[in-house]
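The values are calculated or read from the model by the stated rules, or taken from the named source; none is laboratory data. Quick caveat, the model's predicted, so the values are computed rather than measured. Because the Cβ atoms are built from the backbone with ideal geometry, glycine has one as well, and the counts that use them run over all protein chains shown. Surface accessibility is based on the protein's heavy atoms, side chains included, excluding ligands, DNA and RNA. Shrake-Rupley method; radii C 1.70, N 1.55, O 1.52, S 1.80 Å.
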Amino acid sequence: MNNQTIRKALINTAVLFGSTIAVQAQQIGFKEFKQPVEQAIQHNRSIQNATLENQKISLEREHVKGKFLPHVSANAMYGYLNSNMDVDLPTKQLPLLGTSIFDGTQQLNVSSQVAMAGVTATQVIFSGLQITNGQKALEQKFKAQDLMNQAGYDQLAQEVVLSFDQLMLLKEVEVLIQDSEKRLQKEHEKVVRAIDNGLAIPYDRDKIKLAMLELESRKAELESNRELLFFKLQELTGLPIERLKETNYNLQELSLNLEDAQTMNRKEIQALEAAGKAYEYVYKKEKGSRLPQVFAFGNLSYINAFSTDFTIKNLPKMGDLKLESNHFQMAPNYAVGIGMKWNIFEGKAHKTAIEKAKLDMQINDNKLLDTQEKLSLLQKKTTIDYQLALKKTKVNEQQVAIAKNNLHLASRQFEEGLTDVTERLEAENEYYKQSLNYFQQVLAQRQAASELLKANGNLYETITR
C-alpha cells in the first residue's frame, strides 16, 4: 500500500464508528447551541457598537420630544451707562415770563448704574406637526437600525454551529482512528507470527508499520485542528474552552420542517419597511414647515437704575440744569402672551427639502423591491440545495453499505489466505473513504439546512427559542 492509499485509509476510518448510525439519520435540534450562540451575540463587539450607535438615535428622539416641554431661562445684568444726547425740540414761549425754551438744540448727559434680572419661559403650542412627525420618523429609524443589527445574528449563529459541527466530525475521526489502530495492531501481530513461521515476508510487516505511523501523523493533525477550532469558538463566544468542551453530540442528518423553515422572516426586509415609514414621516415633517408655529411665552423681570445724574446744558438764564435720582425701579414686571412665527418665503430651501424627502422614499422603495426579489431567489436556491443534500446523503449511505460488505468479504478472504495484506488494506481504505464521504456529506447537509434557515431569517430564532 502506498502512502497516498494509507493516508486515505486513515481519513476514511472516521466513518467506521459513524456507520452504525448512518442508516438511520435522525432529526437533531439546536438545543446544544442555545447558550453558546446567545453568548456569542452578547460578546460580539460589532453588535455591541451597533447597539450603542442606535442608542444615539433614541437620545435624539428624546431630544425632539422635549421640544414640546417649556423652555425656561434666567438672566441677570449689571452695568454703568453714560450717554451724551443732542435734542432739537420745537421752541416754546412761556407767556408769563416771555421767555423761549427749547430754542435751538439742547445737549444732555445721562449717567447711571443699571441692574436687571428676569426669568423667561416659552413653550411650543403648535409646530406645524414638525415635532410630532420628526419624533415618529426617529422612532421608525430606531426600529430600522435595530432590525439591521439583528440581521447579523444569523450569520454569527451559523459560524458557531459550523464550528461545533466540525469539532464533532473530528471527534468521529478520532474514534475511528483508534479503531483503525486496533485493527492494524492485530494485523501486525498476525504478520509477525507469519514471518516467524515462514508464511509472510518483512515487506508486509513494514507496510502495516507504515500505516500505523500514518495514523500517528493523522492524530497529531487532528489535535491541531481541534485546538484551532476551540480557539475560534472561544473568540466567538467568550466562553472558556472547558465550557465549550461540554458540548457533545453525534454528527447526524438535520431534518427541517420546510413549511416553517421557508417562512420569510428576514430582518433586512422589516428594516427597509420601517425605514420607508421613517421617510414618510420626514416627508410630512418637511411639508409641515409651511404651517405657522405658535408658541406661548411669559416673562418676569426686575429693573433698577440708581445713582443717576441727568444734566441739561445751556438753558437760557439758567445755565446747566442738573438732576439726580437715588433709583428708578421697575419691579415686578410681568409679560405673558402668545406668539406666532411663519416662514412665508425661504428661497428654495423648503421646496428642496420636500423633493429630497420624496427621492429618499423612492430610493428606499427600490431597495425594498430589489431585496425582496433577491431573497426570493435565495430562498428557492437554498431550498433546492437542502433537498439535494438530503438525496446525496441517501446515496452516500448506500455507498457505505456496499463498502462495508466488501470489507467484510475481504476480511474473511484475508483470514483464509485468499488475499494478501495489500488487498485487505485497500478494502479497508475504500470503506474508510466512503464512510468519510458520508460524514462530510452529513456536514454539508447540516450546513445546507442552516443556510436555508438563514436565508429566511429563522436560524437564530430556531436556535434560541
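A few comments on the model shown:
- Filtered residue count, the stretch 170-201, keeping only those that are open to solvent by less than 30 Å² (accessible area, probe 1.4 Å) and either of a type in the set (D, E, K, R) or in a helix (DSSP H, G or I) (or both): 10
- Total residues in the stretch 323-343 satisfying the condition of being aliphatic (A, V, I, L, M), open to solvent by less than 100 Å² (accessible area, probe 1.4 Å) and either touching a Gly at 6+ places or on another chain (Cβ under 9 Å) or under 13 Å from G298 (Cα atoms) (or both): the figure is 1.
- Residue satisfying all of: in the stretch 376-410; touching an Asp or Glu at 6+ places or on another chain (Cβ under 8 Å) and crowded, with 17+ Cβ neighbours inside 10 Å; nearest to M264 (Cα to Cα) among these: T382
- Residue within the stretch 283-300 that is in contact with a strand residue (DSSP E or B) (Cβ under 7 Å, 6 or more places away or on another chain), assigned to a loop (DSSP other than H, G, I, E, B) and modelled with pLDDT under 90 present: yes
- For the stretch 235-249, a tally of residues being without any contact (Cβ under 8 Å) to a residue 60 or more places away in the chain and not β-branched (V, I, T) returns 6.
- Among residues of the stretch 368-419, those that are more than 30 Å from A274 (Cβ to Cβ), of a type in the set (S, T, N, Q) and either touching a residue at least 12 places away in the same chain (Cβ under 8 Å) or assigned to a helix (DSSP H, G or I) (or both), counted: 9
- The one condition in (1) surrounded by fewer than 21 Cβ atoms within 10 Å (Cβ to Cβ); (2) of a type in the set (S, T, N, Q); (3) part of a helix (DSSP H, G or I); (4) out of contact with any Asp or Glu (no Cβ under 8 Å at 6 or more places or on another chain) that Q447 fails to fulfil: (4)
- Note on the stretch 213-237: among residues that are within 26 Å of the chain's Cα centre (by Cα) and surrounded by 14 or more Cβ atoms within 10 Å (Cβ to Cβ), the one that is farthest from Q39 (Cα to Cα) is L229.
- A single entry from S224, S163, S217 fulfils the requirement of being more than 30 Å from I269 (Cα to Cα) and either touching a Leu at 6+ places or on another chain (Cβ under 7 Å) or modelled with pLDDT of 90 or more (or both): S224.
- None of I312, I303 is out of contact with any Lys or Arg (no Cβ under 6 Å at 6 or more places or on another chain), crowded, with 17+ Cβ neighbours inside 10 Å and part of a strand (DSSP E or B) except I312.
- Any hit, the stretch 433-442, residues being of a type in the set (A, V, I, L, M), under 30 Å from Q150 (Cα atoms) and in contact with a helix residue (DSSP H, G or I) (Cβ under 7 Å, 6 or more places away or on another chain): yes
- Neighbours by Cβ (under 8 Å, 6+ apart or cross-chain): first from the stretch 280-296, in contact (Cβ under 8 Å) with a residue 40 or more places away in the chain; second surrounded by fewer than 16 Cβ atoms within 10 Å (Cβ to Cβ) and of a type in the set (S, T, Y): F295/T122; A296/T122
- Among residues of the stretch 414-439, those that are open to solvent by 30 Å² or more (accessible area, probe 1.4 Å) and either of a type in the set (K, R) or more than 19 Å from A211 (Cβ to Cβ) (or both), counted: 5
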